[in-house]
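The structure under discussion appears below in the form of structure tokens.
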Amino acid sequence: MGSFSLGYYNSSMDRIIEELKNADTFSHALRLGVKAGIYGPGPVLLAGMVGFGAMGHGVGLSVLQTTAISTFVYALPGQIVFIEMMSMGASSSVVAIAVALTSTRFLTMVLTLFPQIPKAKNEPSRLLSVHLVAMSAWAYCMRDFPKMKPEVRYGYFLGIGLICWVLAIPGTIIGYVISEYVPIWVAIPLVFVNPLFFLLSFVDVVIPLNRIAIIVGGIAGAIFYQIYPENALLISGLGFGSLVYGIDYFRRKRQASS
């Protein structure tokens, strides 16, 4: 059953990618983005939001409050920080700062994604569409953008971003409701499905550096967590990530000069 599902997913994504190569209108790319979101990151994000909905119920938030956080924050790490700090009685300003800090990764995502999308001279601002940038949608767009015409990339991004954002709402509600009937240790771990999907999306690439960075970061994180648990993520991510990047940089520089 698992091999059948994987085969169906691969064949569906292959068809979408083939269509992307010939897409020449905004609406066509938008539809393909929606289809890619349904087959790819959408269900994964839905599962993560189910876990968040259960978490919101567990800390005593209402279903409306929990759903509003998913709708307007729309970033699982930030959402988790939001409800944890609320449950501890933190002030609104402290909660806002903490959530903003957890979302700084989106700065680099936007800076790498949006320059690849041409902008017409009289086109309205894209500021609101930045809200649709998520880990999984970003990974798909970065992978698929080179395969399509630059003028239709914005439509593809909006399609995949909108469907993922829309799915976050029912996912949160479902998680909130089923948390009364499903053990909390079953529902809440679903929040880790989305980061795991994001991680694996970098393994499924032809660039060996990405795989090396994941392996080195994972090993370093496990080791340093035993020594410096408070700073293990910073050391393994920034420190060893920079080390792998530096090694690759000098390797490419040496290849260019030879």
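The values are calculated or read from the model by the stated rules, or taken from the named source; none is laboratory data. Please read these numbers as outputs of a predicted model, since none were measured by experiment. Because the Cβ atoms are built from the backbone with ideal geometry, glycine has one as well, and the counts that use them run over all protein chains shown. When the accessible area is computed, the model is the full protein with side chains, heavy atoms only, and any ligands, DNA or RNA have been set aside. Shrake-Rupley method; radii C 1.70, N 1.55, O 1.52, S 1.80 Å.
Converting phi to 3J(HN,Hα) with the Karplus coefficients 6.51, -1.76 and 1.60 and the offset θ = phi - 60°, the stretch 223-238 yields 6, 6, 5, 6, 9, 10, x, 6, 10, 4, 5, 5, 5, 6, x, 6 Hz in sequence order, with x at every glycine or proline. When peptides 248-257, 19-28 are sorted by average Cβ neighbour count within 10 Å, with the highest value leading, the order is 19-28, 248-257. Ligands, DNA and RNA excluded, the heavy atoms of Phe240 present near 60 Å² of accessible surface to a 1.4 Å solvent probe. How far is it, in nm, from the label point at Ser125 to the one at Ile17 when both lie 7 Å from their Cα along the line to the Cβ? Reported label-point gap for Ser125 and Ile17 is 3.7 nm. May I ask you to work out the translational diffusion coefficient for the stretch 95-142 at 20 °C, viscosity 1.002 mPa s, via Stokes-Einstein with Rh from the Kirkwood sum over Cα pairs, reported in whole µm²/s? Answer, rounded: 177 µm²/s.
Tell me, what is the FRET efficiency for Val182 and Ser257 to the nearest 0.05, using R0 = 45 angstrom and their Cβ-Cβ distance as r? FRET efficiency, Val182 to Ser257: 0.15. Kirkwood analysis of the stretch 1-140, using all unique Cα-Cα pairs, places the hydrodynamic radius at 17.5 Å. Inter-label distance, Thr71 to Leu234: 3.7 nm, where each label sits 7 Å from its Cα along the C-beta direction.
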